[in-house]
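Single-structure report; data block below.
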Amino acid sequence: MKNLSDYVGKEFEIIGLNFFKFNYDLRVGETTLLSLRSTDFWGKTFEVIGNDKTWLIIKPSIWSSNLEIKEKNTGVVAARLTGSAFKNNSVLHLAKGEKLHITMNIWKSTFEIKNEFGTTLVSFKTKKWYSSDVIATIQIKNDTIDKYPFSLMLAFYIATEKKHHAGAVV
């Protein structure tokens, strides 16, 4: 299977498969690279499937905006996400001290994954304001995206949650 960074400059689509369920695929053309699925009724656990691996996104508490990402079969924590419920940026703490920053502008329907130095690695744009379908573009070739492909679907999940919460406030 190709690495995600081999698709530099090409547009990915994140497409909702079912209106009633939280099921999304990251596709290039007709090829599905990653999938994001809700695994429980309460929306506390999600699976990211791709690159012959499965990761679990776990929300330990309804009151906290922090998340844990674990490999499904081993239970090893691959990353931790910290952020504030009221801020539009989060930090993904990866193994070996690496960090990715997920920044978003809810009102412009855009969000980005940046490295520690502020360089944009992946940019996302919602197709239409009322739709959850997203177009993503990898800006530069980077090993971090290849080592942690779940970060793309995690950024989408966070942006979707923030968008739903912002809509509930208005």
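The values are calculated or read from the model by the stated rules, or taken from the named source; none is laboratory data. Model, not experiment: these values are computed from the prediction. Neighbour counts are summed over all protein chains in view; Cβ atoms, including those assigned to glycine, are modelled from backbone coordinates with ideal geometry.
Residues that are under 20 Å from Thr137 (Cβ atoms) and part of a loop (DSSP other than H, G, I, E, B) within segment 89-116 comprise Ser109, Asn115, listed in sequence order.
The set of residues from segment 33-59 being of a type in the set (Ser, Thr, Tyr) and surrounded by fewer than 17 Cβ atoms within 10 Å (Cβ to Cβ) comprises Thr39, Thr45, Thr54.
Can you tell me which residue in segment 35-50 is nearest to the chain's Cα centre (by Cα), limited to those that are under 17 Å from Asn73 (Cβ atoms) and either modelled with pLDDT under 85 or of a type in the set (A, V, I, L, M, F, W, C) (or both)? Ranking the qualifying residues of segment 35-50, first place goes to Val48. Of all residues in segment 54-88, those being modelled with pLDDT of 85 or more, more than 25 Å from Asp143 (Cβ to Cβ) and in a loop (DSSP other than H, G, I, E, B) number 2.
Residue-by-condition table, conditions (1) assigned to a loop (DSSP other than H, G, I, E, B); (2) surrounded by fewer than 15 Cβ atoms within 10 Å (Cβ to Cβ); (3) touching a residue at least 60 places away in the same chain (Cβ under 8 Å):
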position	(1), (2), (3)
Val122	no, no, no
Lys125	no, yes, no
Lys128	yes, yes, no
Thr137	no, no, yes
Ile140	yes, yes, yes
Ile145	no, no, yes
Leu152	no, no, yes
Ala155	no, no, no
